[in-house]
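Okay, structure first, notes after.
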Amino acid sequence: MDMRFTPDELAFRDEVRAFLKAELDPALARKVRLHHELTKAEMEGWHAKLQAKGWLAGNWPTEFGGAGWTPIQRHIFEEESARAHAPRIVPFGIAMLGPVLQKFGSKDQQDHWLPRILNGDDWWCQGYSEPGAGSDLAGLRCAALRDGDHYVVTGQKTWTTLGQHANMIFCLVRTSTEGKKQEGISFLLIDMDSPGVTVRPIVLLDGTAEVNEVWFDEVRVPVANLVGEENQGWTYAKYLLTHERTNIAGVGFATAALDNLQRVARAQVHRGQPLSQDPLFAAQLAEVEIELMAMSTTNLRMLSLAAQGQAPGIESSMLKIKGTQIRQRLDVLTRRAYGGQASALPTLGNEGPDDAEEALSATATWLNNRKLSIYGGSNEIQRSIIAGALAKG
Amino acid sequence: MDFQLSDDHRMLQDSLRGILTRHTGEALWPALVEAGMPAALLTEDEGGFDGSGAAIALIFQELGRAGVALPLIPAMIAAAAFAQAGQHAEDGAALAFADAEPGTRHDRGVAISVQGDRLTGRKTMVAGAEGAAAILVTTADALWRLAPDAPGVTIRPYPMLDGQRGADLILEDAPATRLGAIADFGGPLARGVLAHSATALGAITAAVDLTLDYLKQRRQFGQPLIAFQALAHRMADLAVEVEQARSAVTNLSGHLDADPALRDRHVQACKVTVGRVARLVAEDAVQLHGGIGMTEEYALGGMIRRLLAAETAMGDADWHLERFARGEPAFA
């Protein structure tokens, strides 16, 4: 056993740090740190810089134009990027669709879609959840009926993150109502510019509109856009969710949030001393830091298993629960550290007190990060997955 | 970064597991000695052949899982401390470690005082004190070597919570040899914390496995207990926390030889995490079992008692959390 990074890994970390120092605009990093909404151009610009370096798709094999990083390299990149407040890589094309196409897509689909993800020609979003299909995702009803060499899609998707920027959406659609509900689902790629597609933003508690509702009204989709086999979409969906969860621990985000909280706690005054020296607050801060120290190693242990080709199973569910608990706890403490100033209303934008911007971002983060324990399979769903596996084992 | 056991450590683990299935009771100790387990806990300089964090963690996890109650931890700490002070103990000598005191939570020097090179006062829960060739004793800020047959030394033995024999050590102007400041012996003491934590981790996994088996077998309302979501989700939470405890032990075992400030943060984090999880598992394992979990006859009982004992060994979670929060060394 050796917990140190290898010389190669350390050299890679240095290279990542140097890249971030050279390429990350401080004004952009500040927006990320304060959880301001980024423009589409800002996100695309960051993607382009990464792609120029060959680092946009660290998780893809080199044969598809990815960097072919080891799990440890990906971890290093994610942690360093988060701590530097770099924009996160928009996951829908790179982290989600890419691996599915590489595993289940046809050669034509791979040749056509994968380069377009890397060069930014397409912005993908994810059409999974529906108003009636949240945790019970397989209960989805958005229907795709075969009509010659097209499917005709009618139905509604919701919680579509950054769908307002997307020109393409990968969707789970119902192609059969016979048998088990999981057996009538297909995985379809739909052009958002098709007639019959409507996108409407959903404003959230923090005032942002990062998620959307998407309607399909008899939208015609070429059969060539079916991934894999008809009615086998559930298999691909589960594969995608597994990939979605490999960085679900969010160690980098939690580390950045801890850095920030420690900075705030040193600056805020309590009984004439820095808040960081208050025994009660310091103990709470220490508790969450210690939780993160352990979780970070749990994450590395799981990555190390993944590096040996062992597929993530309930480990990713465990990391999702613990990782989101830690991040939400950090959000609570950060808000609390700001005291009364944290009552500024995030949706007011610049109308609050001049110096309340940071406190305001703490509240916005608290509100926005309620999503962490809900999305990607709620933490309760993860507990059921873990318990189900334990019951069988 | 590599979390795999080395080939040597895998062989050590296999050998230990074999011994633990073949030997129990009185026969266990000689079998462990013959297989070189005590020596595996010490470095070559200390008279052993390994002494790495990985070896300590794996040995005590196995012993903790099997519920072995032998005073190996005090012997290891004392042997390492004596060796560091240039006073090697005889090979295989029984050694004890007197740390806890009555009248205080985990402070040192409350019930014991020093005059010149003589100690007066009381230490408690001294595992392996009976028959020890030498005892390592802590005072407010120093470590001492004490001969049990020295004048002014009284040993009052009794059984302890974890199944071991312990004793009160009563000292009246007893002569002892000062080894040095506690602050300079962070290494041997950190290894003690690792050993206690790994023992607890072994007991944690044993208790969680037993609880899971019970939930799968026991039926109520026509269903196995694991089919009830309230219980299933508690079981899932336990599984998550077990991984936290495992990582805390991994972190400490991987940082035993790191610079003292970093090593001590992992000592403290390990005690906080494993202590918290040990108590959670002790409570939830009983609750998930129901009444059967409270009976002396059932196998869970010994695990619960060992978990409680591990929680307070060498400072509990709160004590170490405070020092972590203040940025203080683990031992001073």
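The values are calculated or read from the model by the stated rules, or taken from the named source; none is laboratory data. In this text the structure is predicted, and so the values were computed from the model without any measurement. Virtual Cβ from ideal backbone geometry, glycine too; neighbours counted across all protein chains shown.
Would it be correct to say that B:L16 is part of a helix (DSSP H, G or I) and of a type in the set (A, V, I, L, M)?
Here the answer is yes, as B:L16 does meet what is asked.
Residue pairs, Cβ under 8 Å, 6 or more apart or interchain, first in the stretch A:184-208 and farther than 22 Å from A:N369 by Cα, second in a strand (DSSP E or B) and among the basic types (K, R). List them.
Going by the 8 Å Cβ cut-off, the qualifying pairs are A:G184/A:R174; A:I185/A:R174; A:S186/A:R174; A:S194/A:R220; A:P195/A:R220; A:G196/A:R220.
Looking at A:A41, is it under 23 Å from A:E210 (Cα atoms), in contact with a Phe, Trp or Tyr (Cβ under 6 Å, 6 or more places away or on another chain) and assigned by TED's automatic domain parsing to the domain that holds A:F12? Give the derivation first.
Numbers: under 23 Å from A:E210 (Cα atoms): yes; in contact with a Phe, Trp or Tyr (Cβ under 6 Å, 6 or more places away or on another chain): no; assigned by TED's automatic domain parsing to the domain that holds A:F12: yes.
No: the conditions fail for A:A41.
Looking only at helices (runs of 4 or more DSSP H) that fall completely inside the stretch A:1-96, which ones have 1 or more residues that are over 30 Å from A:A364 (Cβ atoms) and within 14 Å of chain B (Cβ to nearest Cβ)? First the steps, then the outcome.
Numbers: elements: A:7-23, A:26-33, A:40-53, A:71-83.
Where helices (runs of 4 or more DSSP H) fall fully within the stretch A:1-96 and carry at least 1 residues being over 30 Å from A:A364 (Cβ atoms) and within 14 Å of chain B (Cβ to nearest Cβ), they are A:7-23, A:71-83.
Can you tell me how many residues within the stretch B:114-125 are under 26 Å from the mean Cα position of the chain (by Cα) and either modelled with pLDDT under 95 or in a strand (DSSP E or B) (or both)?
Qualifying residue count for the region: 4.
So which helices (runs of 4 or more DSSP H) stay within the stretch A:226-336 end to end and still have 3 or more residues that are crowded, with 22+ Cβ neighbours inside 10 Å and more than 10 Å from chain B (Cβ to nearest Cβ)?
A:233-244, A:251-267
Hey, could you check the stretch B:238-261 for residues that are among the acidic types (D, E) and free of Cβ contacts under 8 Å to residues at least 24 places away in the same chain and say which is farthest from the other protein chains (Cβ to nearest Cβ)? Can you show your working first?
Pass one, the stretch B:238-261, residues among the acidic types (D, E): B:241, B:243, B:257, B:259.
From what's left, free of Cβ contacts under 8 Å to residues at least 24 places away in the same chain: B:243, B:259.
Details: B:E243: 5, B:D259: 13 Å.
Result: B:D259.
Has the stretch B:197-212 got any residue that is part of a strand (DSSP E or B), without any contact (Cβ under 8 Å) to a residue 60 or more places away in the chain and surrounded by fewer than 24 Cβ atoms within 10 Å (Cβ to Cβ)?
no
A:E291 fails exactly one of the following numbered conditions: (1) within 30 Å of A:H75 (Cα to Cα); (2) touching a residue at least 12 places away in the same chain (Cβ under 8 Å); (3) touching an Asp or Glu at 6+ places or on another chain (Cβ under 8 Å). What is the number of that condition?
(3)
Please state which one of A:G376, A:G339 is part of a helix (DSSP H, G or I), on the phi > 0 side of the Ramachandran plot, surrounded by fewer than 20 Cβ atoms within 10 Å (Cβ to Cβ) and away from chain B (no Cβ under 14 Å).
On the way: A:G376 fails: part of a helix (DSSP H, G or I).
Step by step, each of A:G376, A:G339 is checked, and only A:G339 is part of a helix (DSSP H, G or I), on the phi > 0 side of the Ramachandran plot, surrounded by fewer than 20 Cβ atoms within 10 Å (Cβ to Cβ) and away from chain B (no Cβ under 14 Å).
Go through the residues of the stretch B:284-291 one by one and say whether even a single one is surrounded by fewer than 20 Cβ atoms within 10 Å (Cβ to Cβ) and either within 11 Å of another protein chain (Cβ to nearest Cβ) or under 15 Å from the mean Cα position of the chain (by Cα) (or both).
No; the residues of the stretch B:284-291 include none that is surrounded by fewer than 20 Cβ atoms within 10 Å (Cβ to Cβ) and either within 11 Å of another protein chain (Cβ to nearest Cβ) or under 15 Å from the mean Cα position of the chain (by Cα) (or both).
Across the stretch A:70-100, what is the number of residues that are basic (K, R) and under 23 Å from A:Q308 (Cα atoms)?
In the first step, residues of the stretch A:70-100 are kept if they are basic (K, R); the result is A:74, A:83, A:88.
Narrowing the set further to residues that are under 23 Å from A:Q308 (Cα atoms) leaves A:74.
Number of matching residues: 1.
Quick test for you: out of B:R10, B:R17, pick the one residue that is of a type outside the set (A, V, I, L, M, F, W, C), surrounded by fewer than 17 Cβ atoms within 10 Å (Cβ to Cβ), away from chain A (no Cβ under 14 Å) and more than 18 Å from the chain's Cα centre (by Cα). Show your work before the answer.
Values: B:R10 fails: away from chain A (no Cβ under 14 Å).
Only one candidate qualifies: B:R17.
Which condition breaks for B:V272 when tested against (1) farther than 17 Å from B:G202 by Cβ; (2) more than 10 Å from chain A (Cβ to nearest Cβ); (3) touching a residue at least 40 places away in the same chain (Cβ under 8 Å)?
Among (1) farther than 17 Å from B:G202 by Cβ; (2) more than 10 Å from chain A (Cβ to nearest Cβ); (3) touching a residue at least 40 places away in the same chain (Cβ under 8 Å), the lone unmet condition for B:V272 is (2).
Are any residues in the stretch A:182-203 buried (at least 17 other Cβ atoms within 10 Å of the Cβ) and either outside the structural domain of A:P131 (by TED's automatic domain parsing) or part of a loop (DSSP other than H, G, I, E, B) (or both), and if so, which ones?
Selection gives A:M192 alone.
Can B:H88 be described as free of Cβ contacts under 8 Å to residues at least 24 places away in the same chain and more than 14 Å from every other protein chain (Cβ to nearest Cβ)? Before you say what the answer is, go through the steps one by one.
Working: free of Cβ contacts under 8 Å to residues at least 24 places away in the same chain: no; more than 14 Å from every other protein chain (Cβ to nearest Cβ): yes.
For B:H88, the condition - free of Cβ contacts under 8 Å to residues at least 24 places away in the same chain and more than 14 Å from every other protein chain (Cβ to nearest Cβ) - is not met.
Would you mention how many residues in the stretch A:122-156 are among the hydrophobic types (A, V, I, L, M, F, W, C), under 16 Å from A:L189 (Cβ atoms) and buried (at least 19 other Cβ atoms within 10 Å of the Cβ)? Walk me through it before giving the result.
Initially, the stretch A:122-156 is screened for residues among the hydrophobic types (A, V, I, L, M, F, W, C), giving A:123-125, A:133, A:137-138, A:140, A:142-145, A:152-153.
Within this subset, residues satisfying the condition of being under 16 Å from A:L189 (Cβ atoms) are A:123-125, A:142, A:144, A:152-153.
Add one more test, that the residue is buried (at least 19 other Cβ atoms within 10 Å of the Cβ), and what stays is A:123-125, A:142, A:144, A:153.
Residues in the stretch A:122-156 being among the hydrophobic types (A, V, I, L, M, F, W, C), under 16 Å from A:L189 (Cβ atoms) and buried (at least 19 other Cβ atoms within 10 Å of the Cβ): 6 in total.
Run down B:P38, B:P30 and say which single residue is crowded, with 16+ Cβ neighbours inside 10 Å and either of a type in the set (V, I, T) or not in a strand (DSSP E or B) (or both).
Numbers: B:P30 fails: crowded, with 16+ Cβ neighbours inside 10 Å.
Going through B:P38, B:P30 in turn, the sole match is B:P38.
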